[in-house]
Structures are given as C-alpha cells and as structure tokens.
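Here's the structure, in structure tokens; my notes come after.
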Amino acid sequence: MREADFELIDRFLQGDGTAFDELVQRRQREVYNLAYRMTRNAEDARDVSQEAFVQVYRNLSRFDRRSSLATWLYRIVVNLCLNHLNRGSRSLYATVDQHPEPADSSEGSLAQLEEKERADALANAIETLPPQQRASLTLRVHHHLAHREIADILGVSEATAKVHYFHAVQALRRKLAHWREGT
C-alpha cells in the first residue's frame, strides 16, 4: 500500500528528501498531462511541470492541508499554464503535423484519417478557447474533477467554474458543428 500524501509531506518536512522524490514520482505523470493539455506542447509541458515541482518544494511547508495535495498541485500547474498562455505560447498550433505521413492504402485508412482530422480539429478548437475555459474543460473532462474542485484550483466560485466549462463546451460545439453534420 502506498503511503498517503500527507504522510510523505510530513516525512519531507522532517528532513527526508526521499519522501519528496516519491511525491514527484507519484504525481509527475498527471502534472505533465495537465500541463500538456493546457499548453499543447511537450517542451512547454516539461518546463511547466518542472517549475510546478520547484514551487511545491519551496512552498510545501506552507501547504495548509485544507485541500488535497492533488488540488493544491493542480492549482500551481494551472496558474503556471495560464501565465504561460497569457504571455503567448511559442507553440500556438504547434500540434499540426509538420511532416505528414505517407498515405496508407490499407483498408480502414480513410476512417483513421478522418478520425485524425477530427482529433486535430478538436485540439485546434480547444487551443482557441480563453485560458480559464480551457483550464475548466481540461480539469473536468480529462481529470474528472467536480466543479467545486475546479473552482478551488482556479480560485473562482463554483458558479464561475461551471460558467467557464459551459462556455467552453458551447464554443467547441459551434466551432466543430460541421463535424456533427457529417462533413
């Protein structure tokens, strides 16, 4: 059985550096995934992830435990991503393939191509969302968080978190309407 986050925090605060290493190992994949979904760039996601863990290391003694470690960590990651997005990402639309793969003539390749086009269209549409909407959508859809948790992470009311999510979904529906119509 894995040691609870709070027990690892206590060990770290008592001087056990291996406890922090274990926290990083335990959370690094979800931190990177969140950062990647927000920035849509692997290099930016690595930079944000690293900075998030640096901030956790420096501020863990101030963690008040009113929320879970995951919520606190997500708040740090989302804030770093929002700052990054507001500065202007070097990766805007960087997810578009620069080197298309050769055509596949096997059966089912047309369906795979259409699915890739849909996925690319969705990724591009998500990139155009305002950062708060993108964060709310990402936390809800990919991390399965409740609106209350999203509100805590974003530092807004629960109603505002719901509004961000609602507007994100509505914007995506408008931008991707042609896919629903079968074109």
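A few remarks follow.
- From the alpha carbon centroid of segment 1-52 to that of segment 126-183 is 24 Å.
- For a label point 7 Å along the Cα-to-beta-carbon line of Asn83, residues of segment 37-57 with backbone N under 17 Å: 38-39, 44-57
- Ordering 128-139, 109-120, 164-175 by mean Cβ neighbour count within 10 Å, with the highest value first, yields 128-139, 164-175, 109-120.
- When peptides 20-31, 37-48 are sorted by average Cβ neighbour count within 10 Å, with the highest value leading, the order is 37-48, 20-31.
- Environment charge at Ser68 (Cβ cut-off 9 Å; Lys +1, Arg +1, Asp -1, Glu -1): -1
- Chain lengthening between Glu51 and Phe166 when straightened (0.36 nm per residue, less Cα-Cα): 38.4 nm
- Net charge of Cβ neighbours under 11 Å - reference Glu51; Lys, Arg +1; Asp, Glu -1: 0
- Near-label residues of segment 57-81 by backbone N, under 12 Å of a point 7 Å along Cα→Cβ of Gln14: none
- Using the 1.4 Å probe convention, the accessible area of segment 36-80 works out to 51 Å² per residue with neighbouring protein chains retained.
The values are calculated or read from the model by the stated rules, or taken from the named source; none is laboratory data. Quick caveat, the model's predicted, so the values are computed rather than measured. Cβ: placed from backbone, ideal geometry, glycine included. Neighbour counts: every protein chain shown. For the accessible areas, the whole protein counts, side chains as well, though only heavy atoms, and no ligand, DNA or RNA atoms are used. Shrake-Rupley method; radii C 1.70, N 1.55, O 1.52, S 1.80 Å.
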